[in-house]
Amino acid sequence: MKEKDRRSKNASVTAAKGRGAEARGGRHEQRHSAAKGGPQKGKAGAPPPKAAPQKLPRPAAQESTPPRRVEPRSGEKPIEAVPLILETRPTAGYHLIDSGDGEKLEQYGPYRIVRPEAQALWPKALPSGVWEKADAIFTGDTDEDGMGRWRFPRETLGETWPMQLLDTDFLGRFTSFRHVGVFPEQLAHWSWMKDQVASADRPLKVLNLFGYTGVASLIAAKAGAEVTHVDASRKAIGWARENQAMARAEKLPIRWICDDAMKFIQREERRGSRYDIILTDPPKFGRGPNGEVWQLFDHLAAMLDICREILSEDARGLVLTAYSIRASFYSIHELMRETMRGRGGRVESGELIIREGGLDGTAPGRALSTSLFSRWVPK
């Protein structure tokens, strides 16, 4: 639920692990080869060679079982608004310049960056010369979580650089999993959240699950919210704190918590804690800090069920984003409606997209789909 995890002297560098890699990347199994050459030959009567000492097996990871049985809820389902397309258009600090042929060209602050993008099925609109002048190009595995390297055609760049979105400063970061420390399509949710917090007549409590590098948490806190940020990766929490320092927001009310998201919300339910807005951006697969296993299709229903229980009576919204899964938005839409039975309100679901803007961000072009979402709001 993801990175959240999200980071030279050579023109080609391997960066630190990306979004949720430490928390959700899985561990590679070590394969032991048989001894070369088959049985050893020796003198008659010679004792057989000693067997190599065997390593004790590692403790098995915790089972991927739902944390609780989800019972059917009663009452009317919320009204629905589908499909809803939430669009990120060019803005100060970021815009999608062009896309096509399985790649995208983006402007992040001062830098133009090329990254793989499987959804860009169409030809590129801009000439190859524009793409070749990018400041950074990710090369290597084109899978969403595949490792690779960054190539810097113009000049060698450092690991991080200053960024700003929605008046919030943070650090962009070149990671070895092609991510750059922020997911700009989330601006649609973040703008909605910021408006909810700013228009409230009290400080809203925001819970940011699978919070990655903390940009959403900082935006909410700067708008006046009390924020609880949860991520299973210690590295991601460290990056979030760096962003807090970058934003000069050390005094804002944010709790940075390194924990398994499911265990955390179960404890919050037992404590009777309540939140006005819950953002949840779970990965398809992940591991908690103590080996807890997260499988989206196994655990998502239980997670949303608990999130409903910890919503306040005057809650403003529950937001779910789902990346890299083979499913229709209708699957998470119907799950959200079943979860919120009897609570009233509206469930709006669809896709997050980014609109191309050309070189200067003023020429609207094609829409690039990035993820599915479902959002419950009280009215």
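The values are calculated or read from the model by the stated rules, or taken from the named source; none is laboratory data. In this text the structure is predicted, and so the values were computed from the model without any measurement. Cβ: placed from backbone, ideal geometry, glycine included. Neighbour counts: every protein chain shown.
Residues that are hydroxyl-bearing (S, T, Y), within 20 Å of the chain's Cα centre (by Cα) and within 17 Å of F373 (Cβ to Cβ) do occur in region 206-213, at least one of them. Residues of region 145-168 that are hydrophobic (A, V, I, L, M, F, W, C), over 16 Å from P116 (Cα atoms) and not in a loop (DSSP other than H, G, I, E, B): W161, M163, L165. The single condition from (1) surrounded by fewer than 21 Cβ atoms within 10 Å (Cβ to Cβ); (2) in a helix (DSSP H, G or I); (3) at pLDDT 95 or above that F297 fails is (3).
Sub-7 Å Cβ pairs linking a first residue in region 170-183 that is over 15 Å from L157 (Cβ atoms) to a second residue that is of a type in the set (D, E) and buried (at least 24 other Cβ atoms within 10 Å of the Cβ), at least 6 apart or interchain, are H179/E3, ordered by first then second residue.
Looking across A81, A118, A46, one residue alone is modelled with pLDDT under 95 and within 28 Å of H189 (Cα to Cα). It is A118.
Just a yes or no: is a residue in region 268-287 modelled with pLDDT of 95 or more, part of a helix (DSSP H, G or I) and either of a type in the set (S, T, N, Q) or buried (at least 19 other Cβ atoms within 10 Å of the Cβ) (or both)? Yes: one or more hits. Of the listed requirements (1) at pLDDT below 95; (2) more than 20 Å from I79 (Cα to Cα), A302 misses just one: (1).
For V180, the conditions (1) β-branched (V, I, T); (2) under 17 Å from G361 (Cβ atoms); (3) under 19 Å from the mean Cα position of the chain (by Cα) are fulfilled apart from (2).
Where residues in region 320-365 are aliphatic (A, V, I, L, M) and surrounded by fewer than 19 Cβ atoms within 10 Å (Cβ to Cβ), which of them is nearest to Y212 (Cα to Cα)?
Here is the first cut: in region 320-365, the ones aliphatic (A, V, I, L, M) are 320, 322, 325, 327, 332, 335-336, 340, 347, 352-354, 359, 363.
Okay, now just the ones that are also surrounded by fewer than 19 Cβ atoms within 10 Å (Cβ to Cβ), so 325, 327, 359, 363.
Working: I325: 19, A327: 23, L359: 29, A363: 31 Å.
Going through the qualifying residues, I end up with I325.
Note on region 320-370: residues that are in a loop (DSSP other than H, G, I, E, B) and among the hydrophobic types (A, V, I, L, M, F, W, C) amount to 5. Out of everything in region 303-319 that is in a loop (DSSP other than H, G, I, E, B) and of a type in the set (A, V, I, L, M), what residue ends up being nearest to the chain's Cα centre (by Cα)? The selected residue is I310. Out of curiosity, is S324 at pLDDT below 95, under 24 Å from A367 (Cβ atoms) and touching an Asp or Glu at 6+ places or on another chain (Cβ under 9 Å)? Here the answer is yes, as S324 does meet what is asked. Pairing residues of region 120-132 that are surrounded by fewer than 16 Cβ atoms within 10 Å (Cβ to Cβ) with residues that are small (G, A, S), at Cβ distances under 7 Å and at least 6 apart in sequence or on separate chains, gives W122/G100; P123/G100. Scanning region 76-126 for residues that are in a loop (DSSP other than H, G, I, E, B), charged (D, E, K, R), closer than 19 Å to S371 by Cβ and in contact with a Pro (Cβ under 8 Å, 6 or more places away or on another chain) yields one hit, R89.
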